[in-house]
There are 2 protein chains.
Amino acid sequence: MPKISAKGNSMPASPIRKLVPYAETAKIAGRKIYHLNIGQPDIETPQIMLEAIKNSEIKVLEYSHSAGFESYRKKLASYYQRFNISIDATEMIITTGGSEALQIAMMTCFDPGDEIIIPEPFYANYNGFSCAAGLIVKPVKSFIETGFALPPISEFEKLISPKTKGIMICNPGNPTGYLYSREELELLKQLVIKYDLFFLSDEVYREFCYDGKEYVSVMHLKGIDNNVVLLDSISKRYSACGARIGALISKNKEIMAAALKFAQARLSPPTFGQIGAEAALNTPKEYFDTVQKEYIGRRDFVIDALNKMDGVFCPKPSGAFYCIARLPIDDSDKFCQWLLESFEFKGETVMLAPATGFYSTPGSGKNEVRLAYVLNKEELKKAMICLENALKVYPRRV
Amino acid sequence: MPKISAKGNSMPASPIRKLVPYAETAKIAGRKIYHLNIGQPDIETPQIMLEAIKNSEIKVLEYSHSAGFESYRKKLASYYQRFNISIDATEMIITTGGSEALQIAMMTCFDPGDEIIIPEPFYANYNGFSCAAGLIVKPVKSFIETGFALPPISEFEKLISPKTKGIMICNPGNPTGYLYSREELELLKQLVIKYDLFFLSDEVYREFCYDGKEYVSVMHLKGIDNNVVLLDSISKRYSACGARIGALISKNKEIMAAALKFAQARLSPPTFGQIGAEAALNTPKEYFDTVQKEYIGRRDFVIDALNKMDGVFCPKPSGAFYCIARLPIDDSDKFCQWLLESFEFKGETVMLAPATGFYSTPGSGKNEVRLAYVLNKEELKKAMICLENALKVYPRRV
């Protein structure tokens, strides 16, 4: 029997999927589970998007252009205009979700063995995609005490080596919910210029910025057009995770030419997803206002509830729909497993993501969990009651 | 400005896409182009598939299971049963087209620097995916004189090195249309056993076997379950290229566990494509009978027309909807470009794929082109008249 690849062996498992067998146990035991573990919103997808798919008049379901429908790319350019991001249809490739945008960007910019600096905690699949691309992640630790603000640039500089070829951020951040300020982005820009690095920015939570705080894109930064790659997705924007439509965006012509070759090899992004995505661009502003109001209400409730619990601390994030909370526990992997295997309160329990999976530094995040506030307030309330009671009886509370 | 990756630089461009600028020229000049260059069938997608998508009752367009809907996988297992392929829902991962199945299979089985032996000419994107995975393709040449039959096993053995970790075939073959016999597959099986190799087989043209010849799958070969990976796609089966639904199939548990981690990192395959694919499993047999009859008619016509042309030779393929023809020309890249740039017959021209892009050995395929007989017979007739006339006046005819 031939041996599978070293990559296949070292590919990290998703931190959330690890818990799935225990969730099965909880289900078998008849417990209701509040799923705060994944970023799958309960918000309805805009009707305008779903209707467009239903009304499509397709006879032969053909390949599309490898960079995506030109009509969609042109309209998408206007969408970015609303955020003062000026790009045209040739500066974007429509991808199969943000995931593929990231995969293609990594293969385009980096060679195996190259190093990329990422503030941690970060979206767990960055580890997986880096592993697949043979890229080495150098994490810069951000701290719960500062709400996961940008670590000092000196911490980034400590990690610069001849192998360093890029930095990557997620803004607004998953899993932290942190929204980078213009000042923080300007500091990163100086670093990018000083060491001539690629600057990858995952901005899929653009629509989820709260408290009147300004969304600043890497595309707003002047003078680093050839360094910047914007990674995007419609999954969260329109609650359309299953459409699998994202985008890779850059003004660097070399990047776009190489990225297109990777895109051509896989032929095209999904047609129905693109039809939906194009129609979704006409989603009325009220949809987003309603969604944003809903998330602010959920966030305020969850953060408040968490901070009222004995021994719990959770900074208030300004973006996305996640937060990371510090709990009085020994080990978040064990705690999350215990919640599913051994705990119930009135026949219910809660599923959380251990924060360990969002750190690349071993041992980090052991007393932290990520919560996605993607349920309605009634359910969130019950979930918080569950968690509060769980913490009271957890045998390895510290 | 940072340098893009070596991979990005060396990634081969699609042999077909290279001609696109010239096709633009032909279009601007107002010429009608018969597209025999790509495997985009004109056959209508089954209504049952498109209707299922239109009738879907989705409120929140969620991620699916990373391995694809369980309901789809279970029904898909029955589909394979019809071909005497016995697999269950845990032995398959639904992918974003056959392309992603191939990408994941390569990352799972091979490390950068590993070698894979592939009979050439082969599907051009195998080069691209190999480049992306850092895999080295060792081609074994097959010949037009034998209709691209399996080269002698001794030719494979000459290429075996300590780095050889797998072989790959496409059966029925793109671009050759060649259908491997049971005897040929048994020979490959012996090779796979002798050197303990992974055996990847792309069988997306299973439904397109002609002349009563038997379709033999790698999954029919006994005793090499842990070596075999079947790569599949619904793109051609249901003329549904834009659905982007494929599958990676293996009985090797290590492969499936690692492949699932790659699949989890990219979250899920497209939801609407899966809905369509699941419904398409109920496509009546008559659909395939009609399609097969249509393709046989087209093939017979095209092969006959080609062989009647002065100096042209084209073996008669038994599968898929491609053929490779030898033409009395100096250089197929130049000839195909000339057809688009400088030739017309009654305001029409024909677009072909130079066979050079399907060989990995430099200099091969220079007097060969690939034709995809994906147009109706009326159009094929006109396309053949174009080609015949083009060959008469091509200035670098040999």
Taking the DSSP beta bridges in the protein assembly as shown as the whole, what percent of them are antiparallel, to the nearest 5? 45
Net charge within 13 Å of B:SER342 by Cβ-Cβ distance, Lys/Arg positive one each and Asp/Glu negative one each, not counting B:SER342 itself? +1
Cα gyration tensor, the range B:306-398 - rounded (a/c under 1.5), prolate or oblate: oblate
With r defined as the distance between the Cβ atoms of B:LYS32 and B:LEU159 and R0 fixed at 35 Å, what FRET efficiency is calculated, to the nearest 0.05? 0.20
Per DSSP H run of at least 4 residues, take -39500 (n - 2.57); add these up for the protein assembly as shown, divide by its residues and hand me the 222 nm value, nearest 500 deg cm²/dmol. -11500 deg cm²/dmol
Any residue on another chain or 5+ positions along whose placed amide H is under 5 Å from the amide H of A:VAL229 is listed here as A:PHE199, A:LEU200, A:SER201
Treating the angle as unsigned and between 0 and 90°, give the value, to the nearest 10°, between the Cα long axis of helix A:97-109 and the longest Cα principal axis of chain A. 60
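When the dipole is taken about the Cα centre of the protein assembly as shown, and only Lys, Arg (+1) and Asp, Glu (-1) are charged at their Cβ, what size is it in debye, to the nearest 20?
Here the size comes out at about 260 debye.
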Cα shape, chain A, gyration tensor, a/c 1.5 rule: prolate
Between Rg and the Kirkwood Rh of the range A:52-189, both from Cα atoms, what is the Rg to Rh ratio? 1.04
Residues of the range B:36-68 losing 40 Å² or more of accessible surface, assembly versus chain alone, probe 1.4 Å, please list them. B:GLN40, B:GLU44, B:LEU50, B:ILE53, B:LYS54, B:LYS59, B:VAL60, B:LEU61, B:TYR63
List the lysines whose Cα lies under 21 Å from the Cα of A:LYS138, skipping any in the same chain that are fewer than 8 positions away. A:LYS7, A:LYS158, A:LYS163, A:LYS165, A:LYS189, A:LYS194, A:LYS366, B:LYS3
With Rg and the Kirkwood Rh both taken from Cα atoms, where does Rg over Rh land for the range A:47-280? 0.97
Residue separation times 0.36 nm, minus the C-alpha to C-alpha distance between A:PHE301 and A:GLU44: what's the value? 90.4 nm
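If you take every DSSP beta bridge whose two residues both sit in the range B:105-256, what share of them, in percent to the nearest 5, is antiparallel? Let's see the in-between values first.
Numbers: 4 of 22 bridges.
Once the DSSP bridges in the range B:105-256 are tallied, antiparallel ones form about 20 percent.
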Charges at C-beta only: +1 for Lys and Arg, -1 for Asp and Glu. How large is the resulting dipole of the range B:47-280 about its Cα centre, in Debye rounded to 20? 320
Please quote Rg/Rh for the range B:203-313 to two decimal places, taking the Kirkwood radius as Rh and restricting both calculations to Cα atoms. 1.07
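About the Cα centre, and with charges only on the beta carbon of Lys, Arg (+1) and Asp, Glu (-1), how big is the dipole of chain B? Nearest 20 debye, please. Please report the intermediate quantities before stating the final value.
Working: 48 positive and 46 negative charges, 114 e Å.
Roughly 540 debye, rounded to the nearest 20.
Using alpha-carbon pairs under 8 Å, 6+ residues apart, how would you state the relative contact order of the range B:47-280 in percent?
On the way: 434 pairs, mean separation 70.4, N = 234.
Taking the mean separation of contacting Cα pairs over the length of the range B:47-280, I get 30 percent.
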Just to confirm the number: angle between the C-alpha axis of helix B:253-265 and the first principal axis of chain B, 0 to 90 degrees, nearest 10? 80
With contacts defined as alpha carbon pairs under 8 Å and 6 or more residues apart, what's the relative contact order of the range B:1-160 in percent? 19
Which aspartates and glutamates does B:LYS334 reach when only Cα atoms under 12 Å apart count, and residues fewer than 8 places away in its own chain are ignored? B:GLU368
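Using a 1.4 Å probe over the heavy atoms of the protein chains, calculate the carbon and sulfur portion of the accessible area of the protein assembly as shown as a whole percent. List each step's numbers first, then the result.
On the way: 15000 of 28370 Å².
That fraction is 53 percent.
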Protein-only accessible surface order, largest first, of A:ASP196, B:ASP310 at 1.4 Å: B:ASP310, A:ASP196
On C-alpha positions alone, give me the angle between the axis of helix B:182-195 and the longest principal axis of chain B, in degrees, nearest 10. 60
Within chain B, what is the longest stretch that has no GluC sites (Glu not before Pro) placed in a DSSP loop and near at most 11 other beta-carbon atoms within 10 Å? B:215-398
Stokes-Einstein, Kirkwood over Cα pairs, the protein assembly as shown, 25 °C, 0.890 mPa s; D in µm²/s equals 89
Of all trypsin sites (Lys or Arg not before Pro) in the range B:1-106, which ones are in loop regions per DSSP and have a Cβ with at most 15 other Cβ atoms within 10 Å? B:LYS3, B:LYS59, B:ARG82
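The values are calculated or read from the model by the stated rules, or taken from the named source; none is laboratory data. The structure presented is a predicted model; accordingly, all values stated were derived computationally and were not measured. Positions of Cβ are backbone-derived with ideal geometry, glycine not excepted, and every protein chain shown enters the neighbour counts. When the accessible area is computed, the model is the full protein with side chains, heavy atoms only, and any ligands, DNA or RNA have been set aside. Shrake-Rupley method; radii C 1.70, N 1.55, O 1.52, S 1.80 Å.
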